[in-house]
Amino acid sequence: MAHAVKELFPDAKAAIGPATDEGFYYDFDRAAPFTSEDLEKIEKKMKEIIKKNNPFVRKVLSKADAVELFNRMGETYKVEIINEITDDTVSIYEEGGFVDLCRGPHLSKTGRVKAFKLLSVAGAYWRGDEKNKMLQRIYGTAYQTKEELKAYLDFLEEVKKRDHRKLGKELELFSVSDDIGPGLILWHPNGSVIRRTIEDFWRNEHVKSDYQILYSPHIARLHMWEKSGHWDFYRDNMYSPMEIDEIAYELKPMNCPFHIDVYKSRLRSYRELPVRYAELGTVYRYERSGVLHGLMRVRGFTQDDAHIFCREDQIEAEVQNILDFTVFILKTFGFDSYDIYLSTRPEKYVGSDENWERATNALRTALERNGLAYQVDPGEGVFYGPKIDIKIKDSLNRSWQCSTIQVDFNLPERFDATYRGSDGKEHRPIMVHRALMGSLERFFGVLIEHYSGIFPLWLAPVQVAFLTISEKHEEYARKIYLDFKKYGIRAKLNTENEKIGYKIREATMRKIPYLVIIGDKEVSEDKITVRKRNGENIGPFGVGEFMEILKEEIDSKRQASQ
């Protein structure tokens, strides 16, 4: 692709072009933007290069010779990369007169490329830094057969249909406003209904599991974030401090220091432990504008956060309980498949190596005793402790990071949190950080795409739509509609002067699970005719009978309703 671009657009400077899990991309510095017509031309030129079956030839140059070569070619980005390489030599590849800096390896010849497609163009800052120049990134993918390529392109079409930003607008779930600011979500009534349903379920299950619910402020003195270590290790993701009464305050990026403060509000006994605090706490993190993406990457979000203070001998049992709780929550929302990762000590960390080893072993033991398969993710722990990450698989088999469990010896030390042991002496508790869904915003975005907006009945913002055939059926329909509302079922009444076919089509587009059609027959027989959103007609039912059917489906949280 880079060869084709350079032949067609000699003024374009090549930056980087790595392979990715989904294909590849290449960044170019070019004054004029690439168009869809340009992509077609590039694809055509690529096919010509493939047809020539040019061999890929690897050469090793000294750094000085490589700098001279790419300076002569005017490829300043390559020169910058070479100057940062610590080795004395670098490798280049040649093919049909085109030269590129690359570690390799490559296929033997261009003719080995069988099936490819250029997908899109997007902006990308050089080095991912918004202070640098904006480049143009061409995305593509390649497969060994045309059949595999077609399957992937069909998958991408399905992804587009399920895009939570598209469905969020169509179903009036959420929006982002330029006036308010990027990465800050406005929850619309329909989205708010789903959020409230999720939150109510979350709170009820936590109370059943012996958690205590907390609420904490959105800001705190900068001193606290310095004390916790967040200011040293997390400053780039925090907003600039504000001054109140000549004291620096900071928007909270985490909830944990607040929970420690609640724990420390009185002396604790070993008999009380574990103490489990949970909060749906809204936090704020500075994300670069280039990575913001609908609900998936935002600047203000609500974590389903919890912190458990326990004795060291309780860690494994608590982690096992959390794993069971996580699996229950994820299954309730329709996620049965997931990958588990054990993330170990990063390059920059706090606390003793001994504590890190103890915490890591506790997590590993809990996973193995639960019979859960996991992979080790070296160096991906947080600065204060190792963690377990659970990545759920959606209906398209895509992975999403949601659940996390982190063991922390550090913060109790920094905040001098203690409990009185059976020996009458002060001891340090262990702190377990945990989130089941992660960010509510991100989890909601995943749910939208997982279900393609076709939410199961218990989550649907409108569960039943009452549609009248004519004006004379309005009184009967309204009475039933109000009965359903009193029964706790989310209902909508449409008595507009429109044809019934239009009303059915509109309700179906809104993905409402059940449509109740009210006409002469229903009024005369004191019954209702019910149509599922997939077009299947069921019933007729008595009003009370159908209420009970709905209530049972809602209470069971079944995933099958379409």
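The values are calculated or read from the model by the stated rules, or taken from the named source; none is laboratory data. As the structure is a computational prediction, the values presented were derived from the model and not from experiment. Note that we place each Cβ from the backbone using ideal geometry, even for glycine, and neighbour counts take in every protein chain shown.
Identify, please: which residue in the stretch 10-42 is in a helix (DSSP H, G or I) and in contact with a helix residue (DSSP H, G or I) (Cβ under 8 Å, 6 or more places away or on another chain) and is, among those, surrounded by the fewest Cβ atoms within 10 Å (Cβ to Cβ)?
Lys41
Given the conditions (1) closer than 25 Å to Asp38 by Cβ; (2) not in a loop (DSSP other than H, G, I, E, B), report the number of the one that Glu158 does not fulfil.
(1)
Within the set of pairs 6+ apart or on separate chains, which have a first residue in the stretch 16-32 that is touching a residue at least 40 places away in the same chain (Cβ under 8 Å) and outside the structural domain of Lys6 (by TED's automatic domain parsing), a second that is surrounded by 15 or more Cβ atoms within 10 Å (Cβ to Cβ) and among the hydroxyl-bearing types (Ser, Thr, Tyr), and C-beta atoms under 9 Å apart?
Listed pairs, sorted by first residue: none to list.
Among the listed residues Ser120, Ser175, which satisfies the condition of being in the same structural domain as Arg30 (by TED's automatic domain parsing) and not in a loop (DSSP other than H, G, I, E, B)?
On inspection, the qualifying residue turns out to be Ser120.
Of the residues Asn361, Asn410, which single one is surrounded by fewer than 18 Cβ atoms within 10 Å (Cβ to Cβ), at pLDDT below 95 and either closer than 30 Å to Arg195 by Cβ or out of contact with any Leu (no Cβ under 6 Å at 6 or more places or on another chain) (or both)?
After applying the criteria, what remains is Asn361.
So Lys472 passes all but one of these: (1) exposed (fewer than 15 other Cβ atoms within 10 Å of the Cβ); (2) modelled with pLDDT of 95 or more; (3) over 30 Å from Phe233 (Cα atoms). Which condition number does it fail?
All conditions are met except number (2).
Would you confirm, using the coordinates I've provided, whether His218 is over 30 Å from Ala14 (Cα atoms) and touching a residue at least 40 places away in the same chain (Cβ under 8 Å)?
Here the answer is yes, as His218 does meet what is asked.
Provide a single number: the residues in the stretch 383-403 that are under 13 Å from the mean Cα position of the chain (by Cα), over 14 Å from Met296 (Cβ atoms) and of a type in the set (Ser, Thr, Tyr).
Selection size over the stretch 383-403: 1.
Find the residue count for the stretch 73-99, including only residues that are within 37 Å of the chain's Cα centre (by Cα) and either outside any helix (DSSP H, G or I) or surrounded by 15 or more Cβ atoms within 10 Å (Cβ to Cβ) (or both).
We begin by selecting, within the stretch 73-99, every residue within 37 Å of the chain's Cα centre (by Cα); these are 75-86.
Next, only the ones that are either outside any helix (DSSP H, G or I) or surrounded by 15 or more Cβ atoms within 10 Å (Cβ to Cβ) (or both) stay: 75, 77-79, 81-82, 85-86.
The total comes to 8.
Taking strands (runs of 3 or more DSSP E) that fall entirely within the stretch 322-398, which contain at least 2 residues that are closer than 14 Å to Met437 by Cα?
387-393
Of the residues that make up the stretch 517-528, is at least one over 27 Å from Leu173 (Cα atoms) and in contact with a Ser or Thr (Cβ under 7 Å, 6 or more places away or on another chain)?
So far as the stretch 517-528 goes, yes, one or more of its residues are over 27 Å from Leu173 (Cα atoms) and in contact with a Ser or Thr (Cβ under 7 Å, 6 or more places away or on another chain).
Which ones in the stretch 435-491 are farther than 24 Å from Arg558 by Cα and among the aliphatic types (A, V, I, L, M)?
So in the stretch 435-491, the residues farther than 24 Å from Arg558 by Cα come out as 467-480, 482.
Leu467, Ile469, Ala477, Ile480, Leu482, listed by residue number.
Output yes when any residue across the stretch 421-430 is more than 22 Å from Asp313 (Cβ to Cβ), at pLDDT below 95 and assigned by TED's automatic domain parsing to the domain that holds Phe174, and no when none is. Step through it out loud before you land on a result.
Here is the first cut: in the stretch 421-430, the ones more than 22 Å from Asp313 (Cβ to Cβ) are none.
So far as the stretch 421-430 goes, no, none of its residues is more than 22 Å from Asp313 (Cβ to Cβ), at pLDDT below 95 and assigned by TED's automatic domain parsing to the domain that holds Phe174.
Scan the stretch 438-459 for residues that are under 19 Å from Leu396 (Cα atoms) and either in contact with a Cys (Cβ under 6 Å, 6 or more places away or on another chain) or not small (Gly, Ala, Ser) (or both) and jot them down.
If the condition is that a residue be under 19 Å from Leu396 (Cα atoms) and either in contact with a Cys (Cβ under 6 Å, 6 or more places away or on another chain) or not small (Gly, Ala, Ser) (or both), then Arg442, Phe443, Phe444, Val446, Leu447, Ile448, Glu449, His450, Tyr451, Ile454, Phe455, Pro456 are the ones that fit.
Go through the stretch 178-249 and tell me which helices (runs of 4 or more DSSP H), entirely inside it, have 2 or more residues that are within 24 Å of the chain's Cα centre (by Cα) and surrounded by fewer than 14 Cβ atoms within 10 Å (Cβ to Cβ).
Per the criteria, 189-208.
Taking the stretch 40-64, which residues are touching a strand residue (DSSP E or B) at 6+ places or on another chain (Cβ under 7 Å) and basic (Lys, Arg)?
Result: Arg58, Lys59, Lys63.
Please indicate, with yes or no, whether at least one residue in the stretch 252-275 is in contact with a helix residue (DSSP H, G or I) (Cβ under 9 Å, 6 or more places away or on another chain), at pLDDT below 95, assigned to a helix (DSSP H, G or I) and surrounded by fewer than 16 Cβ atoms within 10 Å (Cβ to Cβ).
No.
For the stretch 330-351, what are the residues that are closer than 23 Å to Arg276 by Cα and surrounded by fewer than 18 Cβ atoms within 10 Å (Cβ to Cβ)?
Lys331, Thr332
How many residues does the stretch 263-308 contain that are of a type in the set (Ser, Thr, Tyr) and either free of Cβ contacts under 8 Å to residues at least 24 places away in the same chain or under 23 Å from Ile198 (Cα atoms) (or both)?
So the first thing to find is which residues in the stretch 263-308 are of a type in the set (Ser, Thr, Tyr), and the list is 263, 265, 269-270, 277, 282, 284, 286, 289, 302.
If we keep only those that are either free of Cβ contacts under 8 Å to residues at least 24 places away in the same chain or under 23 Å from Ile198 (Cα atoms) (or both) too, we end up with 265, 277, 282, 284, 302.
Of the residues in that region, 5 qualify.
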